[in-house]
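Q: Just dropping this structure here.
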Amino acid sequence: MTVLSVAEADKEADLVVILTPDQVQRTVYANEIKPNLKDGAALLFGHGFNIRFGYITPEAGSDVLMVAPKGPGHLVRREFADGRGVPVLLAVEQDPSGQAWDVAKSYARALGGRRAGGLRTTFPEEPGTDPLGAPARLCVCPPPPAPSGSRSGEGGRKPGCGECRGMKMCSRRSSAVRALPRRR
């Protein structure tokens, strides 16, 4: 494997995946990605904040898509390694190639996210799922039964902890959110 700088990798990439923290994305995009982005390359974000609030404005000729797992990276990796997945939100902001949705769904499947479920949303809608804890909004499974002899509510996981194994998607949260079929 050849290790490249961000700028060098962008010159070759057909798909640029931007997973840096929100607070540095604007600078990385302006200094490293935008000047080196290959014509027609797609941009995939792990979060919609910088597009939503206009800190990053991609060129009109680039597909702009998002696959946002609703859990931290270590949980995404662990669930994938265990043959499961973490629910994902998918969005497309620009689709000049006509292939952005296919790329987003393929990336979500490769992460294992479509095993748990995927919701179609928009870039403006996605950042609003985070402030109150994204797993709490998407996990509607009840906590496991309390061990015998304990008081109700003690023991076991709390709903929305992000650790439940039967995550289900709530499509009533917004009219902009639509469930995608699960994939095994």
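Q: Determine, yes or no, whether Arg115 is surrounded by fewer than 23 Cβ atoms within 10 Å (Cβ to Cβ) and touching a helix residue (DSSP H, G or I) at 6+ places or on another chain (Cβ under 9 Å).
A: Taking the combined requirement at face value, the residue satisfies it.
Q: Shifting gears a bit: If you check Gly48, Gly61, Gly54, which single one turns out to be on the phi > 0 side of the Ramachandran plot and either without any contact (Cβ under 8 Å) to a residue 24 or more places away in the chain or not acidic (Asp, Glu) (or both)?
A: Gly54
Q: Okay, moving on. Among the residues that make up segment 40-53, is at least one of them farther than 23 Å from Arg26 by Cβ, in contact with a helix residue (DSSP H, G or I) (Cβ under 6 Å, 6 or more places away or on another chain) and surrounded by 14 or more Cβ atoms within 10 Å (Cβ to Cβ)?
A: No, segment 40-53 contains no residue that is farther than 23 Å from Arg26 by Cβ, in contact with a helix residue (DSSP H, G or I) (Cβ under 6 Å, 6 or more places away or on another chain) and surrounded by 14 or more Cβ atoms within 10 Å (Cβ to Cβ).
Q: Please tell me if Arg78 is among the charged types (D, E, K, R), at negative phi and in contact with a Lys or Arg (Cβ under 7 Å, 6 or more places away or on another chain).
A: no
Q: Follow-up question, since we're still on this one. Hey, could you check segment 54-70 for residues that are in contact with a helix residue (DSSP H, G or I) (Cβ under 6 Å, 6 or more places away or on another chain) and part of a loop (DSSP other than H, G, I, E, B) and say which is farthest from Asp95 (Cα to Cα)?
A: Lys70
Q: Within segment 27-50, can one find any residue that is touching a Ser or Thr at 6+ places or on another chain (Cβ under 7 Å), at pLDDT 95 or above, assigned to a helix (DSSP H, G or I) and not small (Gly, Ala, Ser)?
A: yes
Q: Working carefully through the options Gly71, Gly98, find the one that is of a type in the set (Gly, Ala, Ser) and without any contact (Cβ under 8 Å) to a residue 24 or more places away in the chain.
A: Gly98
Q: Under 8 Å by Cβ, and 6 or more places apart or on different chains, what pairs join a residue from segment 80-92 that is of a type in the set (Gly, Ala, Ser) with one that is modelled with pLDDT of 95 or more?
A: As it stands, the answer is Ala91/Leu65; Ala91/Met66; Ala91/Ala104, since those pairs meet every condition given.
Q: Follow-up. Of a type outside the set (D, E, K, R), assigned to a loop (DSSP other than H, G, I, E, B) and either surrounded by fewer than 21 Cβ atoms within 10 Å (Cβ to Cβ) or at pLDDT below 90 (or both): is that true of Pro135 in this structure?
A: no
The values are calculated or read from the model by the stated rules, or taken from the named source; none is laboratory data. No experiment lies behind these values; they were computed from the predicted model shown. Heads up, the Cβs are rebuilt from the backbone with ideal geometry, glycines too, and the neighbour counts pull from every protein chain shown.
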